[in-house]
1. For 69, 84, 61, what ranking results if the residue with the fewest other Cβ atoms within 10 Å of its Cβ goes first?
2. How long is the gain from residue 85 to residue 118 if the chain were fully straight, where each residue apart is worth 0.36 nm and the alpha carbon distance is subtracted?
3. Quick one: order 114, 129 by neighbouring beta-carbon count within 10 Å, fewest to most.
4. What whole number of Å gives the distance from the Cα centroid of the range 7-59 to the Cα centroid of the range 72-98?
5. Using a Förster radius of 25 Å, what is the FRET efficiency between residue 48 and residue 111 based on their Cβ-Cβ separation? Nearest 0.05, please.
6. Calculate, in nm to one decimal, what residue 29 and residue 95 gain on full extension: separation in residues at 0.36 nm each, minus their alpha carbon distance.
7. Tell me, what are the semi-axes, in whole angstrom and largest first, of the equivalent ellipsoid of the range 9-131 as set by the roots of 5 times the Cα gyration tensor eigenvalues?
8. Please give the contour-minus-distance gain from residue 13 to residue 74: 0.36 nm per residue of separation, less the Cα-Cα distance, rounded to one decimal in nm.
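Rule-based calculations on the coordinates, nothing more; no lab input. Fair warning: this is a prediction, and the values are worked out from it, not measured in the lab. Cβ: placed from backbone, ideal geometry, glycine included. Neighbour counts: every protein chain shown.
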Amino acid sequence: MIEAGAKNWKTEDLATKLQTQQVQHWLTTAIDPDDVFRIMTLDKVKKDILSNPAFSAWAKYAGDFNAKYPEQPTSMIPTLLNHYSDAALFILTETAKNVKETKSIATKLHEQLVHVWLKSRKTPDDTLVDLGLGTKKTKNTDYEKPLDILLEKPLFNS
């Protein structure tokens, strides 16, 4: 409803004030950024999520949440990984880094994604498989021709 109000010049100011108050309420009541992601229906967005104005508002909320509750730091990556695969999120951030309007947030998310992989101690082979650049283990080998598969993929050139 607030989004609809923001699109009408007669109600734009009121919608902005309501959205600000709503975000402040969420912060005051410590609503988890993952829940806010769903409240803002970002879980329904399938394309170009980083250029969606609601995503920008959510990213700001996540930053404000971390500033207000430093003892409960939260990353945007776990929430995004609930809705996108590692490969989809990697491609999304790589693509968005080439767009002026989304370059900053895409770079930040890309770095956070790599940090999550490192923190989880994911092996390079597992990461390649998750990104679709290798195949799962077979009886005869650990990975079925991972180098051949890797060299054929456009992600290799990223």
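1. Values: 69 13, 84 17, 61 20.
The order, fewest Cβ neighbours first, is 69, 84, 61.
2. That works out to 10.2 nm of additional length.
3. Neighbour counts put them in this order, fewest first: 114, 129.
4. Here the answer is 18 Å between Cα centres.
5. That pair, residue 48 with residue 111, gives E of 0.75.
6. Working: separation 66, 0.36 × 66 = 23.76 nm, distance 3.53 nm.
In short, 20.2 nm is gained.
7. Those come to 28, 18, 12 Å.
8. Roughly 18.9 nm would be gained on extension.
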